[in-house]
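The block underneath contains the structure these notes are about, expressed in structure tokens.
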Amino acid sequence: MRARVAITAAALACLASWLPGTAQEWSFPGISNEAFNKMPPGGPAPVRQLTGLWDAGAAGIGGQGQAAARDAARAPFTPLGQQMFARNKPGNGANAASVAENNDPLNTLGDPSGFPRIVNYELRTIQIVETPGQVLMLFSFNKTWRSIWTDGRQLPREPDPRWFGYSIGRWEDDYTFVIETNGLDDRTWLDNNGHPHSTALKVTERYRRVNLNTLELTVIVDDPLVYTKPWLTRDKLPLKRLPDNTDVIEQIYAASEAQAYQDTIASQTKP
């Protein structure tokens, strides 16, 4: 996977595009730490409104922050969960294995990251679009999307597992949008640290609009087969609003690239 460009001309130009009259930019790689920290509040939060381009900066990549990573390392496993966790050999993160042992389905097979991994790890620029009856989330990483239904339907009782599950959303108050998701494929991991889940997993997200330019994300995972209690994977992670005319870089981790990695790198490290 390509590393995020820390501070680039494109990133600085995109920051400048908050000002009127700036030129268009292509393939924006993600907001820099400098731009993220300098983002002004921009005024009060609009009521019941999430539409826009959002970026979590460096904190969105590579999993959780330090405190959350410590909590993840102490994940409340059931005996089954501990067995599943022991089988997973991530290529990076706190529990990284050697290149030869790595069995991460994302970077060794090119499988979809799935949900909730896409918000726990590689949370790069996302675009949120509100339509009658649903909210769409368009992710720059792997150029994929989620549909969150807001038409009053309930989650399916016996869902067929899907990479990104089934999601419904509602406004808890004028500034907090809550999403519930179930029916998740157990081939995916929760994060880049190899934390597993079963098809019994349920995920709750809270997106709180703090001000015009800031959105906070909290994620709670609840899988009674793998974990003895629900736990936080994101705790009020701030996302900042990008200009609406931002063209986001394509970030697709293709199966052919995964195979090339196996052929040219991983295969050379095996005994």
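The values are calculated or read from the model by the stated rules, or taken from the named source; none is laboratory data. Because the structure is a prediction, the values reported are computed rather than measured. Backbone-built Cβ (ideal geometry, glycine too); neighbour counts: all protein chains shown.
Of all residues in segment 157-182, exactly one satisfies the criterion of being out of contact with any Lys or Arg (no Cβ under 9 Å at 6 or more places or on another chain), surrounded by 13 or more Cβ atoms within 10 Å (Cβ to Cβ) and part of a loop (DSSP other than H, G, I, E, B), namely Pro159. Every listed requirement among (1) within 21 Å of Ala96 (Cα to Cα); (2) surrounded by fewer than 16 Cβ atoms within 10 Å (Cβ to Cβ); (3) in contact (Cβ under 8 Å) with a residue 24 or more places away in the chain is met by Ser267 save one, (3).
When restricted to residues that are out of contact with any helix residue (DSSP H, G or I) (no Cβ under 7 Å at 6 or more places or on another chain), in a strand (DSSP E or B) and not acidic (Asp, Glu), segment 111-156 contains 16.
Within segment 127-182, the residues that satisfy the criterion of being among the charged types (D, E, K, R) and under 17 Å from the mean Cα position of the chain (by Cα) are Lys143, Arg146, Arg162, Glu180. Do we find a residue being among the hydroxyl-bearing types (Ser, Thr, Tyr) and either touching a helix residue (DSSP H, G or I) at 6+ places or on another chain (Cβ under 6 Å) or in a loop (DSSP other than H, G, I, E, B) (or both) anywhere in segment 236-251? Yes, the conditions are met somewhere in segment 236-251.
Across segment 215-239, the qualifying residues are those that are closer than 24 Å to Pro40 by Cβ and touching a Phe, Trp or Tyr at 6+ places or on another chain (Cβ under 9 Å), and the one among them that is surrounded by the most Cβ atoms within 10 Å (Cβ to Cβ) is Leu239. Just a yes or no: is a residue in segment 25-48 assigned to a loop (DSSP other than H, G, I, E, B), surrounded by 14 or more Cβ atoms within 10 Å (Cβ to Cβ), out of contact with any Lys or Arg (no Cβ under 8 Å at 6 or more places or on another chain) and at pLDDT 95 or above? Looking through segment 25-48, none of the residues is assigned to a loop (DSSP other than H, G, I, E, B), surrounded by 14 or more Cβ atoms within 10 Å (Cβ to Cβ), out of contact with any Lys or Arg (no Cβ under 8 Å at 6 or more places or on another chain) and at pLDDT 95 or above.
The residue that is farthest from Leu237 (Cα to Cα), among those in segment 85-127 that are of a type in the set (A, V, I, L, M) and surrounded by fewer than 20 Cβ atoms within 10 Å (Cβ to Cβ), is Ala100.
When segment 72-83 is examined, which residues are found to be in contact with a Phe, Trp or Tyr (Cβ under 9 Å, 6 or more places away or on another chain), in a helix (DSSP H, G or I) and surrounded by fewer than 20 Cβ atoms within 10 Å (Cβ to Cβ)? Within segment 72-83, just Gln83 meets the criteria.
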